[in-house]
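The structure appears below as structure tokens.
The values are calculated or read from the model by the stated rules, or taken from the named source; none is laboratory data. All of these numbers come straight from a predicted model, not from anything done at the bench. Counting neighbours? That spans all protein chains shown, and the Cβs are built from the backbone with ideal geometry, glycine included.
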Amino acid sequence: MKSLFFFLAMMTVSFEAHAENCGDKIQGFNIWEELEEGKIVEKHTTFSIEEISRNSYFEGLVVPKKAGKGAKVEVEVQPKNTKLKARKTSWDLSPWELDNKYLVAETYEGAEAFGEELVEGTFTLRLVKDGKVLCETKDLKIYGGH
Amino acid sequence: MCKKLFVLSTLLFVSPPLHAWAESVQARVTASGLNVRTEEGAITDAIEQSTMLEVLGNHPDGERIKIRYTRGGRPREGYVYKKYVRREGSHGVVEAEIEGDALALRSAPSLSNSTWKCAVKAEDGNKKNTVLILNEPPKHGDEVTWVKVKLPNPLPGCPDTGYMSHSYLKPFGAFDDLKTEAVAQKDCDGAECKGKGRTETNAEKDMQDLGKKLGDKIKDERGDGPFIAGVKAMIKNPSRRPASLKVSRGMVQMPLLGKRGNIGPCGSHHYFPRPNVFDKSRYESTAFANPTTACVLTSVLQDWKKNFCPNGGGCRIAWGDISHEHMAEFHGHASHNRGYCIDIRPMRKPSSGFADSPLAFWQDDYDPKMTAKFIQFLKSKGANTRQLFFNDPNVRRQTGAKYASGHHNHIHVCFPPNDTTNAVCNNLKVDSNVCPEISQ
């Protein structure tokens, strides 16, 4: 009986330690322009984040609106070179004027999250609310050049 | 004696006064022999190396200058290609400023011969440093054109001569400050040319307008448009800086529209917009290309759209980094320092349409067939096969592209100047239906 209790307790701790993968709950976006019938029009694209490099950057982060008030997005960067400091940055979310289905990470800056030059390593995306981790995607690769 | 006196007095009479030479722009012939031409291009004379010329102005084609020289004691005028002459500075050689922060002085024309401690700063305080380009033909090596220079004020312990990369020197030797000469009267009509009572300034302006019109006419007849006409002029004469183009370090910026700089020529998309997403304080463009590379890239963009992707969508070309405007070193991106190489995203499936988002070869939207076709197309345009990288193993097998870390989401292609790329560029005629952005 005692061992059963211990097993259940371990399962609970283990479950809490491994939060759900974020998948599309945190997406990157880019805003861009193109010519349509001779006029410049602004567009945007949202997409899954699988990595980051100069060829797969994102200008900002959005989460579905249902994440709700008080949620925050975190980016935690771990450089491969262990002499370099890890960095963790978080942003509050607010309604995204380009698409009301999403909330946008306010004041997100690539340089703040990753540094002015991408350094090889990994990063974690995290959605948190009231101190609880709602989801977490770990070990996303940072390509620091070619 | 009497005859000699007559000849001498005639020479004195027809020769321009000395003070006129002193005030005029002078140039010296650097080619072993140089044809003198009419404004239409017919050869009328040939002059020897080192002949001193008085430069009267620019031909509207931007490639020739109008000159006056002395033949048999008599002044003659004509046009010569300015790439074969060197403007004379106050020291009898061409003076040049340094672009960037500083430039290494090397003991030999090679990247492996460096005397970094003797690098010359572009500026000391508010004073710009200059070097003197010595009278020696440029040397080519390490994909860099080298010129021998003399330093008026070398650092203590440093030599006063050495080699510098031509790309980072801005010679005063160009003739862009001179007016564009008018062309033959037959090309203007009626009141345009014969108006009376005009001030000299107005007359000069009319002449220049006329020259510009003719220059535009020449460009239109060649079917190049101002961007490619300027790029071709830069290829012929690397020190040329066409006024309509943004030029830096011997490279030219690809034409981009929109406040974010996304809209490239021929329906293409430039996906690394300004400001830099990693450092918004930097508005440094990475769309600067070697003139030959810019010309070939334009040919790629035009012919791909025309022949393989007329309706846009997933096959639309999205290109990113080429080279920085000012920063000579592209940190972590060394093959992008000289403007020869371009990053291009792979193709998307037609059903996916176009989007400015990353695309790796394992993603559903990726179109391997079209990407392989595109890489073969790049090879037909003279892509350097040793520096053609893309990591999809199936596409590599089909195209000969090579693996390189990080190239799962972009094709890395280089178009350095060579016989194939030069021919591609020479054959390029801008089609205003396909590339309206650069045809006017």
Task: Looking only at region A:78-97, and only at residues there that are aliphatic (A, V, I, L, M) and modelled with pLDDT under 95, the one that is nearest to A:LYS138 (Cα to Cα) - done: A:ALA86
Task: Residue that is surrounded by the fewest Cβ atoms within 10 Å (Cβ to Cβ), among those in region A:100-132 that are closer than 13 Å to A:GLN27 by Cα and charged (D, E, K, R) - done: A:LYS101
Open item on the list: Please go through region B:356-367 and give me each residue that is surrounded by fewer than 21 Cβ atoms within 10 Å (Cβ to Cβ) and under 18 Å from A:ASN55 (Cβ atoms), ordered by number.
Closed with: B:ALA360, B:PHE361, B:TRP362, B:GLN363, B:ASP365, B:ASP367
TODO: For region A:27-49, name all the residues that are touching a Lys or Arg at 6+ places or on another chain (Cβ under 8 Å) and under 27 Å from A:LEU140 (Cα atoms).
DONE: A:ILE31, A:TRP32
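Residues are listed down the side, and each one gets a yes or a no for (1) β-branched (Val, Ile, Thr); (2) closer than 29 Å to B:THR292 by Cα; (3) in contact with a Lys or Arg (Cβ under 9 Å, 6 or more places away or on another chain); (4) at pLDDT 65 or above:
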residue	(1), (2), (3), (4)
B:THR115	yes, no, yes, yes
B:ALA119	no, yes, no, yes
B:LEU132	no, yes, yes, yes
B:LYS148	no, yes, yes, yes
B:PRO152	no, no, no, yes
B:TYR168	no, yes, yes, yes
B:ALA191	no, no, no, no
B:GLY197	no, no, no, no
B:THR201	yes, no, no, no
Task: Selected residue (criterion: modelled with the lowest pLDDT) from residues of region A:133-146 that are within 14 Å of another protein chain (Cβ to nearest Cβ) and surrounded by 19 or more Cβ atoms within 10 Å (Cβ to Cβ) - done: A:HIS146
- [ ] Evaluate the following for B:PHE330: is it at pLDDT below 95 and either within 11 Å of chain A (Cβ to nearest Cβ) or in contact with a Pro (Cβ under 9 Å, 6 or more places away or on another chain) (or both)?
- [x] yes
Open item on the list: Restricting to region A:21-52, give me the number of residues that are in a loop (DSSP other than H, G, I, E, B) and at pLDDT below 90.
Closed with: 2
Open item on the list: The conditions are (1) free of Cβ contacts under 8 Å to residues at least 60 places away in the same chain; (2) under 17 Å from B:ALA318 (Cβ atoms); (3) under 29 Å from the mean Cα position of the chain (by Cα), and B:PRO368 fails exactly one of them. Which is it?
Closed with: (3)
- [ ] Would you be able to tell me the number of residues in region A:52-98 that are within 14 Å of another protein chain (Cβ to nearest Cβ) and in contact with a Phe, Trp or Tyr (Cβ under 9 Å, 6 or more places away or on another chain)?
- [x] 16
TODO: Could you look through region B:390-418, keep only residues that are away from chain A (no Cβ under 14 Å), touching a residue at least 12 places away in the same chain (Cβ under 8 Å) and not in a loop (DSSP other than H, G, I, E, B), and pick out the one that is farthest from A:ASN55 (Cα to Cα)?
DONE: B:GLN398
